[in-house]
Amino acid sequence: MFRNAVIFKWTLYLLAALLCFIVQSFAQRLHLLGVIPFLYPLLAVIPATMDSPGFGGIFSILMGVICDLLLPESLPCFYTLSFPVSAMIASFLSRELLPVGLLCSYAVSAIAFAVNGFFHCFLFWTWGDPSPWMTGLSLTLREFFVTVPLMSPLMTLLFRLVADRTRYEEMHKGMA
């Protein structure tokens with residue numbers, strides 16, 4: 001019975017992520033402040049706040065691998081490296097400092113964009129950009145302000161529904 005609950009949980013989380021990937025594909029057509037909405041960092045951190053640190057870490061690695069396969073970066077495993085770091089911080093924050101909810105989602109979204117931004121700044125620096133920190137900071141802030149105000153509450157609601165549903169299934173797995 002436990003195995004079925006785990007399969008159900010992963011299936012629902014992956015379906016929710018697939019929905020977010022579909023939304024991201026439509027968001028590719030939007031250009032606001034010179035950038036497009038970037039949902040992928042939210043996929044790494046929002047589920048990490050609602051479930052166990054182990055599940056959040058594994059889910060963020062999986063999302064990082066998928067993003068690395070979908071998005072060409074010059075650094076292999078860029079998202080596979082940055083997403084678990086963001087998810088670990090998000091999991092700690094939601095366990096120790098902030099209750100899971102909208103405020104927590106905004107905080108961990110900011111952390112996810114900051115971690116991704118730091119990784120981008122490092123890349124810009126290795127490429128010889130004359131001002132890597134200003135370039136990276138500008139890109140990160142624009143992506144954050146285009147993405148997070150609207151998408152963080154929607155993704156929080158989506159993953160909250162999935163987390164509540166899977167917790168219900170796990171609680172009632174011994175019955176029947």
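Residues in region 70-80 that are at pLDDT below 90 and not aromatic (F, W, Y) were compared, and the one that is nearest to A48 (Cα to Cα) is C77. Taking every residue in region 151-176 that is closer than 21 Å to P99 by Cβ and at pLDDT below 70 and pairing it with any residue that is among the small types (G, A, S) and assigned to a helix (DSSP H, G or I), at least 6 positions away or on another chain, the pairs with Cβ-Cβ distances below 7 Å are E170/A5.
Right, G136: in contact with a Phe, Trp or Tyr (Cβ under 8 Å, 6 or more places away or on another chain) and modelled with pLDDT under 85 or not? So G136 fits the description; yes.
So is L62 of a type in the set (A, V, I, L, M) and in a helix (DSSP H, G or I) or not? In short, yes.
Looking at the structure I just gave you, is P37 over 14 Å from the mean Cα position of the chain (by Cα), of a type outside the set (S, T, N, Q) and assigned to a loop (DSSP other than H, G, I, E, B)?
On the way: over 14 Å from the mean Cα position of the chain (by Cα): no; of a type outside the set (S, T, N, Q): yes; assigned to a loop (DSSP other than H, G, I, E, B): yes.
When the stated conditions are applied, P37 does not pass them.
The values are calculated or read from the model by the stated rules, or taken from the named source; none is laboratory data. All of these numbers come straight from a predicted model, not from anything done at the bench. Cβ atoms come from the backbone with ideal geometry, glycine included; neighbour counts cover every protein chain shown.
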